[in-house]
Amino acid sequence: MPTFPTDAWFQAFVVSINGSEEYRAAAEDWEGDIAFLVQAEPDVHVPDDVWGYLDLWHGTCRGGGVVDPAMGERAAFLLSAPYSRWKAILLGELDPIKGMMQGKLKVRGDLPTIVRYVRAANELVRLTGEVDTVFPDEG
Amino acid sequence: MNPGSGSVAEPSGITELIDGLVRQNLRRDPTRRLLPGDVVTIEAVDADVAVSLRPSSGGVAVVDGRDPGARVVVSAASTTLLELAGAPLRFGLPDAFTGDGRALIADLFTKRIRVRGLIRHLGTVRRLTMLLSAR
């Protein structure tokens, strides 16, 4: 079972995305890569920032994993939050759209595009819950 | 949440989001605008946050919190508010000829979206939806 947020976890997430008919339908016109910045929280065993990355293209994910900060910064869209907030999202305890409204999840990129694909974004987040996950602060 | 118009503190997420959306939309289409008197508050009821918009000399001012002088108040859950901004429009209102538009009209009838001032200030509502529209 992969640990969040490792490269193995993002690889499992890619498999989950590509197995989702709902995501394929909701994002059939989507073009753009997304970076996920998981900000460090050393007291819960996440000592460094981690940059996840997904290459999303027309309802499929062409690849992804942990990348270096320079590549993450180049992504068309960036979602960032401290580790514990991401954990709450993965566990379904924090709705990501509500989190964006409250400033708990920061978003960068072309906002009109993000707004048009809010259903695809919600489906992406739901799929994170389908990845069997180990959390470093629960090991 | 602090009511009122404006704050020197860090803006809330909804304010950053709506401000960014308005600025990016105005870059794409500078003809979108609010008219004098078009003061609007948008509330994400599930997140307990609000943002207000009003015309300004530079275009549109977007500030934290509720504006007690708002002539239109739009209240809905966070996701529904974004769906409203992402919906196709016809004459400045959700397009009933599309599935997304019909879903939003149903949300209005079932009060999942509440728009205070919808009838009395329909012009303001239309200018707001055009301003926020991601289409």
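Each reported figure results from applying straightforward, stated rules to the coordinates on display, with no laboratory input. Just so it is clear, the model here is predicted, and its values are computed rather than measured. Glycine also receives a Cβ, built like all others from the backbone with ideal geometry; neighbour counts cover every protein chain displayed.
About its Cα centre, the dipole of chain A is roughly 420 debye, where the only charges are +1 on Lys and Arg Cβ and -1 on Asp and Glu Cβ.
Taking the helices alone, the protein assembly as shown has a mean residue ellipticity at 222 nm of -10500 deg cm²/dmol, built from -39,500 (n - 2.57) per DSSP H run of at least 4 residues and averaged over all its residues.
Put +1 on the Cβ of each Lys and Arg and -1 on the Cβ of each Asp and Glu in the protein assembly as shown; which of B:ALA87, A:PRO42, A:ASN18 then has its Cα farthest toward the positive end of the dipole? Most positive-ward Cα: B:ALA87.
Taking 7 Å steps out from each Cα toward its Cβ at B:THR31 and B:ARG112 produces label points 3.2 nm apart. Dipole size of the protein assembly as shown about its Cα centre, with +1 on Lys/Arg Cβ and -1 on Asp/Glu Cβ: approximately 1860 debye, rounded to the nearest 20. Scalar couplings 3J(HN,Hα) for segment A:117-130, obtained by applying the Karplus form with A = 6.51, B = -1.76, C = 1.60 to θ = phi - 60°, are 10, 4, 5, 5, 5, 5, 5, 4, 5, 4, 5, 4, x, 8 Hz; x denotes Gly and Pro.
Just to verify a number: FRET efficiency for A:GLN39 and A:ALA76, C-beta to C-beta distance, R0 = 25 Å, to 0.05?
On the way: r = 20 Å, r/R0 = 0.80.
Taking R0 as 25 Å, the efficiency between A:GLN39 and A:ALA76 is 0.80.
What would the Debye formula give as log10 I(q)/I(0) at q = 0.11, 0.16 Å⁻¹ for the alpha-carbon point model of chain B, no solvent? Debye intensities relative to I(0), on a log10 scale: -0.34, -0.76. Taking Cα centre as origin and charging only the Cβ of basic (Lys, Arg, +1) and acidic (Asp, Glu, -1) residues, the dipole magnitude of segment B:13-132 rounds to 520 debye. Coupling constants for segment B:86-100 follow from the phi torsions by the Karplus curve (6.51 cos²θ - 1.76 cosθ + 1.60, θ = phi - 60°), and in residue order they are x, 6, x, 10, 9, 6, x, 10, x, 7, 5, 8, 10, x, 4 Hz; glycine and proline get x. Spatially, segment A:70-139 and segment A:9-68 are offset by 9 Å when compared through their Cα centroids.
Set the Cα radius of gyration of chain A against 2.2 N^0.38 Å, with N its number of residues, and you get 0.96.
Restricting the chymotrypsin sites (Phe, Trp or Tyr not before Pro) of segment B:33-118 to loop positions (DSSP other than H, G, I, E, B) with no more than 16 neighbouring Cβ atoms within 10 Å leaves B:PHE91, B:PHE97. Of chain A, which part is the longest with no GluC sites (Glu not before Pro) in a loop (DSSP not H, G, I, E, B) and with at most 13 other C-beta atoms within 10 angstrom? The answer is A:29-92.
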